[in-house]
1. Report every pair of residues separated by at least 6 positions or lying on different chains whose Cβ atoms are under 8 Å apart, first residue within the range 119-139 and within 14 Å of the ligand (Cβ to nearest atom), second not in a helix (DSSP H, G or I).
2. From the list PRO86, PRO143, pick out the single residue that is within 14 Å of the ligand (Cβ to nearest atom) and farther than 19 Å from TRP20 by Cβ.
3. Kindly list the number of the only condition in (1) within 12 Å of the ligand (Cβ to nearest atom); (2) part of a helix (DSSP H, G or I); (3) touching a helix residue (DSSP H, G or I) at 6+ places or on another chain (Cβ under 6 Å) that fails for LEU61.
4. Looking at the range 44-90 only, could you name the residues that are surrounded by 13 or more Cβ atoms within 10 Å (Cβ to Cβ) and among the acidic types (Asp, Glu)?
5. Taking into account only those residues within the range 99-118 that are under 18 Å from ARG46 (Cβ atoms) and either crowded, with 17+ Cβ neighbours inside 10 Å or over 15 Å from the mean Cα position of the chain (by Cα) (or both), which is nearest to the ligand (Cβ to nearest atom)?
Amino acid sequence: MSWRRIDLAESSVRESAVKWSPAYATGVERLDDQHKMLFRISEDFRVALDEGRGERVYDSLLRSLDQYARGHFGVEERCMHQCQCPAAQDNVVAHRGFIEVLAGFHARHAVNGFDRQDAQRLVDFLDRWLADHIGRIDVQIKPYAKLL
Ligand SMILES: [Fe+2]
């Protein structure tokens, strides 16, 4: 899969989202699909690292991840705002924090070039952040999702 062409319609999101679990269900199919895609991006990059392709795809991964995450965060924030989910503000703050951390990885890469350890830290951060954020904040939309 090309990092530059992340397209939900072209990917079998449900089958490949190995780390997604029903505990992460938000009650909004579009959000769940986007979360599965984020897990997939992380998983695909972990495989690329393991196979020694990390350096070749890292820059592209950082850009695609930033772009996809921003798009997803925008959709999710609008959903939470629209259905007056009480977690809406916490969600915005957490998303901002994620984008800042990602910018840090990008900046280090721009200055130092590819560093396998830092790339590994990114993929570990991603998995931890997704599991914690979705399970703690995003799922709070569930009781309100029917108002969308
Ligand atoms: Fe979120």
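Rule-based calculations on the coordinates, nothing more; no lab input. Only a predicted model underlies this, so the values are computations on that prediction, with no experimental measurement involved. Every residue, glycine as well, gets a Cβ built from its backbone with ideal geometry; the counts of neighbours run over all protein chains shown.
1. Between residues of the range 119-139 that are within 14 Å of the ligand (Cβ to nearest atom) and residues that are not in a helix (DSSP H, G or I), the close pairs are LEU130/LYS19; ALA131/LYS19; ILE134/THR26; ILE137/ALA87; ASP138/THR26; ASP138/ALA87; VAL139/ALA25; VAL139/THR26.
2. Of PRO86, PRO143, the one residue that is within 14 Å of the ligand (Cβ to nearest atom) and farther than 19 Å from TRP20 by Cβ is PRO86.
3. All conditions pass for LEU61, except number (1).
4. ASP44, GLU55, ASP59, ASP66, GLU76, GLU77, ASP90, listed by residue number.
5. For the range 99-118, the residue satisfying everything is LEU102.
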